[in-house]
Structure formats: structure tokens, C-alpha cells
1. Only one of ALA56, ALA64 is open to solvent by 10 Å² or more (accessible area, probe 1.4 Å) and of a type in the set (A, V, I, L, M, F, W, C); which?
2. Of all residues in region 257-272, which are touching a Ser or Thr at 6+ places or on another chain (Cβ under 9 Å) and open to solvent by 40 Å² or more (accessible area, probe 1.4 Å)?
3. Taking region 1-35 as the search range and keeping residues that are open to solvent by 30 Å² or more (accessible area, probe 1.4 Å) and in a helix (DSSP H, G or I), which one is modelled with the lowest pLDDT?
4. Given (1) modelled with pLDDT of 95 or more; (2) crowded, with 19+ Cβ neighbours inside 10 Å; (3) in contact with a helix residue (DSSP H, G or I) (Cβ under 7 Å, 6 or more places away or on another chain); (4) not hydroxyl-bearing (Ser, Thr, Tyr), where does ILE122 come up short, assuming only one miss?
5. Can you find even one residue in region 241-254 that is open to solvent by 40 Å² or more (accessible area, probe 1.4 Å), within 18 Å of the chain's Cα centre (by Cα) and within 25 Å of LEU290 (Cα to Cα)?
6. Looking only at region 200-248, count every residue that is at positive phi, in contact (Cβ under 8 Å) with a residue 40 or more places away in the chain and not in a helix (DSSP H, G or I) and tell me the total.
7. Being without any contact (Cβ under 8 Å) to a residue 12 or more places away in the chain and either within 11 Å of ASN92 (Cα to Cα) or under 22 Å from the mean Cα position of the chain (by Cα) (or both) is the filter here, so list the residues in region 126-135 that pass it.
8. Which one of the conditions (1) open to solvent by less than 10 Å² (accessible area, probe 1.4 Å); (2) within 17 Å of LEU213 (Cβ to Cβ); (3) of a type in the set (A, V, I, L, M); (4) out of contact with any Ser or Thr (no Cβ under 6 Å at 6 or more places or on another chain) does VAL137 fail to meet, given that it meets all the rest?
Amino acid sequence: MALSHHEEKNGAPLRIRITEVGPRDGLQNEQDILSTNAKVTFVNTLSQSGVAEIEAGSFVSPRAVPQLADSDEVFKRIERRPGVIYSALVPNERGLERARAAAVDKIAVFTAASDTFSRQNIHCTVRESIARFRAVVSQAKHHGTAVRGYISTVTHCPFEGAIAPSRVVEVMRELLDLGVDEISLGDTIGKAAPSDVRRLMDEIMPHIRQAALSLHFHDTYGMAIANVLTAWSEYGIASFDTSAGGLGGCPYAPGASGNVATEDVVYALRASGALAGVDERLVVNAARQLSAELNHPLFSRLSRVHEHHMSGEAVR
């Protein structure tokens, strides 16, 4: 009998790999700058939850992203849990120097499938962005540091509209040729539906190992969970970027709401038969603690359920 897409060769369900991006992709979109202590506590709490990787900071210019200017200090003070990867966004060679000094486990570089979005976001074309971080990837690999490559706007761009899957393949192959170890594909404005995911997966899967691909959905139109389940059940994708409480969005993508919530993705995948290995209750707790520091609520479906149960217990 043929294996389903979401089974390993031994017939067991694929183990889900969660990259928690709240401490970087989430916090960089906040208007207020969170204290270093609060960031460290957030990362430490998430470390206990069972996520495979935490993107704990960014080594971009503090002038560009002041919310993450203290990433050096955050990496110095976090309690690193064995088995958890602590990664960071690195845009250039200066950023790589800072990341190496901070003992970052993995770095990430960033580009897009849309030239217009790339110009708005990092002030250069896609081709120029890849040329900029070519030396970063080379040096990181020389020192044995793993490299992730982000590609944003893989289905829709806020400026150009629908993006052809062939364009995503083109950018992805350039990154893989540079030596990037894994690719994260981002639905930056959250406009993708399962049909868009299928078109994209059909085009890219012949060009990349399943284990080297992660998907990053935003929940602007409420489709993120459906897209996650489509990618997992039909294509065997087991790696997803998520954010506790749905924290974050994209400051350069008009109308884009938050990343899909870690706890919602974990619950949906486990309910569908996946081996998640993440305690979503601990993720909800991390998001609840953070929302108190941010002075505004973080909304995920699961956090509402937990809050309702706690309120009910208090009444009884």
C-alpha cells in the first residue's frame, strides 16, 4: 500500500517542526520597544514548549529596526535549551559578525519573489538582494553555520498582485545554488488559499527536498490553518514558521495582519493526526505573558478557548 504524503517510510506520522518567529518577526512589527528582560523571558518560556527552533533576534541596523537593537544582549542572556536551535536574521557581513559573536546557531537571509516588494522592503531588486548576501552565505558556510533563505510574497504581492509560481522557483534555485540549507516561503499578505498552495507546491516540489522547505503563512483572510493542513496532508510538508499568539505582521505589506498563531497550528495538525511535539498550553502562556508587556491582547483561537475555560473555572 502506498504511503500517504504525511507518513514516514516506517508508516508513522511525520513529526512536525515548528520555527517560532515571534521574538523576531513578531516583535519587529510592534510600535513600542519591549524591554530586554521581557524578550529574554519570552524566548525562555518558548524554549520549554517543544518548538524546534526560535528566531530570537535580528542583526540588522538598529536604525532600521530599533525594536530589535538589543539582539546581542538577548542572545547573551537567554537560557539555551539542548536540542533547540536559536537563529537570527542577518542582512550583511556586519550583521554576520555580530551574529557569530552572539553564538547564533543559524542565520537567515531575506529576499522576495516580487521586485516591487523588495524595493519597498530592503531598497533593492531581488537580484541585487541576492548579490548583497552572497558573501554572507559563503562566510557562514565556511564557519559551519546553517543558513535559511526567506522568500516573501510567494503567492501574492501587495503591489504586483498574483505571483507566478515559476518566479518563486527561479529565486529559490538561486538561493540553493548559493549554498542555502533551507528555504522558507512566505505568504506575506495572507491572501493565499489552498488552491494557491497547490499551484505553488506542484511547481516547486521537483526542485527541493521536502525536508529543506518550510512554509510561513499569515492569517489576514483566515486561511492560514487551511493552507497549513493542505501543505501537510497533500504534500508532506512538516516544517512551518509560526508566531505565539499570532504576533507580528509585515510593516511593508499594507493590510497584512499577524503571522499564524503557533498554538493554533499545533492544535490543528495534532487533531489531524500529526506528531507535533509542542505543548500549545505553554505557547499560550508565553503569549499571555507577552501581551501584558505589550499592553495589548494577542488573539489566537486557542488562547480564546483557554481564557474561556479559565473564566468558567473562576465562576464555578
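The values are calculated or read from the model by the stated rules, or taken from the named source; none is laboratory data. All of these numbers come straight from a predicted model, not from anything done at the bench. FYI the Cβ positions are ideal-geometry reconstructions off the backbone, even for glycines, and counts take in every protein chain you see. Remember, those area values only see protein heavy atoms, side chains included, never the ligands or the DNA or RNA. Shrake-Rupley method; radii C 1.70, N 1.55, O 1.52, S 1.80 Å.
1. Working: ALA56 fails: open to solvent by 10 Å² or more (accessible area, probe 1.4 Å).
Just a single option satisfies the conditions, and that option is ALA64.
2. Of region 257-272, the ones touching a Ser or Thr at 6+ places or on another chain (Cβ under 9 Å) are 257-266, 272.
Matches in region 257-272: SER257, SER272.
3. ASN29
4. Looking at each condition in turn, ILE122 falls short on (1).
5. So in region 241-254, the residues open to solvent by 40 Å² or more (accessible area, probe 1.4 Å) come out as 251-252, 254.
Those left that are additionally within 18 Å of the chain's Cα centre (by Cα): 251-252.
Then keep just the ones that are within 25 Å of LEU290 (Cα to Cα); that gives 251-252.
Yes: region 241-254 contains one or more residues that are open to solvent by 40 Å² or more (accessible area, probe 1.4 Å), within 18 Å of the chain's Cα centre (by Cα) and within 25 Å of LEU290 (Cα to Cα).
6. To start, the set of residues in region 200-248 that are at positive phi comprises 222, 236, 245-246, 248.
Then keep just the ones that are in contact (Cβ under 8 Å) with a residue 40 or more places away in the chain; that gives 236, 245-246, 248.
Now drop any that are not not in a helix (DSSP H, G or I), which leaves 236, 248.
So the answer is 2.
7. Result: ALA131, single match.
8. (2)
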